[in-house]
Amino acid sequence: MSRDGPVAGPGRPLESLPLPASLGRNLLAGLTLAAITIPEQMATARLGGFPVQIGLFAFVAGTLGFLLLGVSRVLTVGADSTITPIFAGALATLAVGGAVAPAAAPTLAILVGALLLLAGILRFGWIADFLSTPVVAGFLAGIAAHIVVSQLPGLLGLHVQASSLVPRLAEIWTERASSHPISALLGLGVLGVIVFCEKRAAALPGALIAFALATAAVMAFDLRSHGVAVLGSLPKGLPPWPGFALSWADFRALLPLALIIALVVMMQTATVSRSFREPDGRASDVGRDYLGLAGANLLAGLAGAFPVNASPPRTAMVVESGGRNPVVGLVAAALVLGLALFGTDILADVPEAALAGVLFFVAGRILRIGPIVQIARQSRPEFALVLLTALAVALLPIESGVAIGIGLSLLHGIWMTTRSHPVEFGRIPGTTVWWPPEQGKPPATLPGILVAGFPAPLLFANALGFQQELLDRLVRQKPKLLVLEASGIAAIDYTAAQALLAVAQACEAQGTVFAIARVESVRARDALDRFGVVSAIGEDRIFHSVDQAVTRWGSDAVAGATTTDGAAGSSLPSA
C-alpha cells in the first residue's frame, strides 16, 4: 500500500470511490484507530499517575481540538508516552496531601497550547530543529528507561514508593522476593501478543486483543482472589472540573516545564507531519499542524486532562488503513468517549500488569536501537551525545535531563560551527575554476594570490578564529591579492563583519588587495552591505567568481610567474 494514498482497484484513486464505499473505509479506519487507542491511552494515563479514564478524555479532547485548528487529515493526537514521563514527575512536586494538584495538569496543557499557538502564529517551528538526531535518540532512550522502570512494579505485582529511577530499581531489587508470578505472566503475555500481532498480523489491534485475553483470564480463573491487581471500579461520567485554583508560585513553576513540553511536542509533530503526506499528495503544512496541536492541548486542558502530542504509530495506522478525512478521528473519538462515559464497568477486571505490558511495548518502540548503533559506528563524538543525553534524562529529574539534552544539542551545533577553518583554494589546471584541494593533494595556487574559502556561516562563534587564521596567512604568505571565496558562507553576523573589516584593514596596511567572490547567500550579501563591509573595501572588489577577481586584480601578482604544479603561468589581462 502506498504511503501517498491507497488505491481502490487498478488505477482507481480512493477519491473516485462511491460515497458509501469511501465512508465505509473511513468508518473502518476510525474503528481500528479506537481499538488501538483505548489500551494505549489507558496505559499512558497510568504512566503519568492519572486515572485511566482521564487518558480516554485526553484523546477525545485532543482529537476535537486538532480538528478545529489543524489541517492534516491523517495526523492523530492524544496522550503520549514521550511527554507524559516528563511532566508526571514535575507535577508531583505540586502534590497536595500526596496527590497531584487537580488543576496542575490541565493548567500545564493550557500553557503548552498557548505556547504552541504562539509558535504557530509567529512561525517559530524552526525551533524544533535545534534538537539533533543523536540528542533525540538519547532523549528517547532515557524516556524508555523511565517507562520500563516505572512499570516494573506493576508487572511484578510490587508496591514501590520510590519515584526516581535508581532508588526505584534498588527498592524493586530489595522487594524481589515478593514478586507475583501470575501478574508477571499476564503482563509478559500481553507484551507477547502485541509483538506477535505487530510482526505477523499488523492489521489486528494487538493491544486490544491482549487486553481482552488478559481480562478474560482474570475473570475465568478468578485471579483477583489470587492477588492479581485489577483496575477495579472506575468513575462514570465526565471528569470533575479542575477549577484551575493554582497559586502564582505554582504557575511560575509550570511555565518552564510547559516550554520544554511544547518544544518536544513541536519536534514530534514536525516529524510525524513530514513523514506522512496528505491523501491528495500535498506536502504537509507543519505550521498549521502546530496550530492543531495548540487547539488539542487547549481543549484537553479545559476538559480537565493533561498535555497531548502527535502520535507516530497511530498516524501510520490511519494512513495504512485508508483513512483520508476527519471522519476517522470523529468515529474514534465517539467510540472512546462512549467507553469513558458508559462502559467503564467492562474495564474493572483489566489487570494492572496488562497496562505494564502495553507500556513495555511502547518503550521498545521509542528506543531507536538502529540509529544509535549507526551513530556509534560512524561518529564517536555524536554517540557520546546520545549517552550523555540518555544518562541525564534517566538519572536526573526528567525535565532537567531534557533541558540538558537541548543544551547539548545547541552546544554540538556551536562546536561544529567553531570547528570550521578557512580552506585555501587552488585553480584546476586548464580551467578558470577555483576549488578546495582534494585530500592529500596541495592546491594548485598562483604565486602572489591567496584564495580562501569558509565552509560555514560566519558567526560570533567562529569569527575570531577565522580572522586570526587569515591574518596568519597574510603574514606568512604576503600575497598581493587575497580573495575570500564566500559560496559556503550562508550568513554573517555583526561580530563576523567586524572580523572581515579587520582583515581588510590588515590587507590595506600590508599592500594586499582584498576582494570577495561568490557571495551566493542573499542574507550574507545583505549583511555585507548593512555592516559596511562593501563600502569599506569598495563595490569593485565584490565579484561573481574567483576568476573575475583574479583577472581584475591579480595580473601584477602573477605576471611571468609559474604555477605550483609546474605549468607556465601567462599574464592575465588587466581591466
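The values are calculated or read from the model by the stated rules, or taken from the named source; none is laboratory data. Remember, predicted model here, so these are calculated numbers, not experimental data. Here the Cβ is made from the backbone with ideal geometry for all residues, glycine too, and neighbour counts use every protein chain on show.
Those residues that are surrounded by 15 or more Cβ atoms within 10 Å (Cβ to Cβ) and either of a type in the set (V, I, T) or closer than 18 Å to L299 by Cβ (or both), I need them from region 117-126; list them, please. Matches in region 117-126: L117, A119, G120.
Would region 233-248 turn up any residue that is farther than 30 Å from A105 by Cα and modelled with pLDDT under 90? Scanning region 233-248, I find no residue that is farther than 30 Å from A105 by Cα and modelled with pLDDT under 90, so the answer is no. Residues in region 364-381 that are part of a helix (DSSP H, G or I), under 13 Å from F139 (Cα atoms) and modelled with pLDDT under 90: I366 alone. Scanning region 388-445 for residues that are surrounded by 15 or more Cβ atoms within 10 Å (Cβ to Cβ), among the hydroxyl-bearing types (S, T, Y) and in a loop (DSSP other than H, G, I, E, B) returns S420, T445. What pairs can you find where one residue is in region 321-342 and assigned to a loop (DSSP other than H, G, I, E, B), the other is among the hydroxyl-bearing types (S, T, Y) and modelled with pLDDT under 90, and their Cβ atoms are less than 6 Å apart, with a gap of 6+ or different chains? Note: pairs meeting the criteria are S321/T32.
Results for (1) aliphatic (A, V, I, L, M); (2) more than 28 Å from I260 (Cβ to Cβ), shown as yes or no for each residue.
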position	(1), (2)
D289	no, no
G301	no, no
G304	no, no
N309	no, no
F342	no, yes
I346	yes, yes
V358	yes, no
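Checked against (1) buried (at least 17 other Cβ atoms within 10 Å of the Cβ); (2) at pLDDT 90 or above; (3) farther than 30 Å from G405 by Cβ, A220 passes all but a single condition, namely (1).
In region 539-552, of all residues being of a type in the set (V, I, T) and assigned to a helix (DSSP H, G or I), the one that is surrounded by the fewest Cβ atoms within 10 Å (Cβ to Cβ) corresponds to T551. Restricting region 477-522 to residues that are within 37 Å of the chain's Cα centre (by Cα) and over 23 Å from W434 (Cα atoms), the residue that is surrounded by the most Cβ atoms within 10 Å (Cβ to Cβ) is A496. Restricting attention to region 306-320, the residues being at pLDDT 85 or above and either assigned to a helix (DSSP H, G or I) or farther than 23 Å from I110 by Cα (or both) number 3. Across region 199-210, the qualifying residues are those that are aliphatic (A, V, I, L, M) and crowded, with 16+ Cβ neighbours inside 10 Å, and the one among them that is nearest to the chain's Cα centre (by Cα) is A207. Filtered by the rule that a residue be free of Cβ contacts under 8 Å to residues at least 40 places away in the same chain and more than 18 Å from H180 (Cα to Cα), region 207-243 gives I209, A212, L213, A216, A220.
Restricting attention to region 166-195, the residues that are buried (at least 20 other Cβ atoms within 10 Å of the Cβ) and hydrophobic (A, V, I, L, M, F, W, C) add up to 5.
Which one of these is part of a helix (DSSP H, G or I), closer than 30 Å to G338 by Cα and either over 35 Å from the mean Cα position of the chain (by Cα) or of a type in the set (F, W, Y) (or both): L213, L155?
Going through L213, L155 in turn, just one is part of a helix (DSSP H, G or I), closer than 30 Å to G338 by Cα and either over 35 Å from the mean Cα position of the chain (by Cα) or of a type in the set (F, W, Y) (or both): L213.
Checking each residue of region 529-546 against the condition of being of a type in the set (S, T, N, Q) and farther than 22 Å from T418 by Cβ gives at least one match.
Residues are listed down the side, and each one gets a yes or a no for (1) in a helix (DSSP H, G or I); (2) in contact (Cβ under 8 Å) with a residue 60 or more places away in the chain; (3) closer than 22 Å to I404 by Cβ:
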site	(1), (2), (3)
A144	yes, yes, yes
I147	yes, yes, yes
Q151	yes, yes, no
V160	no, no, no
A170	yes, no, no
A177	yes, no, no
S183	yes, yes, no
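Hey, does region 172-182 have a residue that's farther than 19 Å from V148 by Cβ and hydrophobic (A, V, I, L, M, F, W, C)? Yes, because at least one residue in region 172-182 is farther than 19 Å from V148 by Cβ and hydrophobic (A, V, I, L, M, F, W, C). Screening the candidates A334, A356 for the property of being assigned by TED's automatic domain parsing to the domain that holds S409, among the small types (G, A, S) and touching a helix residue (DSSP H, G or I) at 6+ places or on another chain (Cβ under 6 Å) yields one hit, A356. Do we find a residue being aromatic (F, W, Y), in the same structural domain as V286 (by TED's automatic domain parsing) and not in a helix (DSSP H, G or I) anywhere in region 43-50? Yes, there is a match, as at least one residue in region 43-50 is aromatic (F, W, Y), in the same structural domain as V286 (by TED's automatic domain parsing) and not in a helix (DSSP H, G or I). Could you tell me whether region 117-135 includes any residue that is polar (S, T, N, Q) and more than 23 Å from L408 (Cα to Cα)? No, that holds for no residue.
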